[in-house]
């Protein structure tokens, strides 16, 4: 498969214009767990319902999965990838602790 074939597949036409596909980078994997956790923490609207709802159990599950990803990739990430993953996990854990009334701020 040539680069042009890949580009053509990545820019499929949809009724609203070309479909956006994120780049194939480590951060794309992290975002797949990060964004749902934000929704489950009630920090952003659920794109499907346009409402803010909390599900702390599911949020904790995604945070735990990010911790697992961090453990399994230890020593294999570039400095920027590791920093990004650490920042995402720290942000979500703090938000979770606030929502669970463990940390008062």
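The values are calculated or read from the model by the stated rules, or taken from the named source; none is laboratory data. Treat the numbers as computed from the prediction; the structure is a model and nothing was measured. Here the Cβ positions follow ideal geometry from the backbone for every residue, glycine too, while neighbour counts run over all protein chains shown.
Take the residues in region 58-81 that are without any contact (Cβ under 8 Å) to a residue 12 or more places away in the chain and in a helix (DSSP H, G or I), then tell me which one is surrounded by the most Cβ atoms within 10 Å (Cβ to Cβ). The residue in question is 61.
Can you confirm whether region 11-27 contains a residue that is assigned to a helix (DSSP H, G or I), within 20 Å of residue 102 (Cβ to Cβ) and either at pLDDT 95 or above or in contact with a helix residue (DSSP H, G or I) (Cβ under 6 Å, 6 or more places away or on another chain) (or both)? No, because not a single residue in region 11-27 is assigned to a helix (DSSP H, G or I), within 20 Å of residue 102 (Cβ to Cβ) and either at pLDDT 95 or above or in contact with a helix residue (DSSP H, G or I) (Cβ under 6 Å, 6 or more places away or on another chain) (or both).
Of all the residues in region 35-45, those that are surrounded by 15 or more Cβ atoms within 10 Å (Cβ to Cβ) and not in a helix (DSSP H, G or I) number 3.
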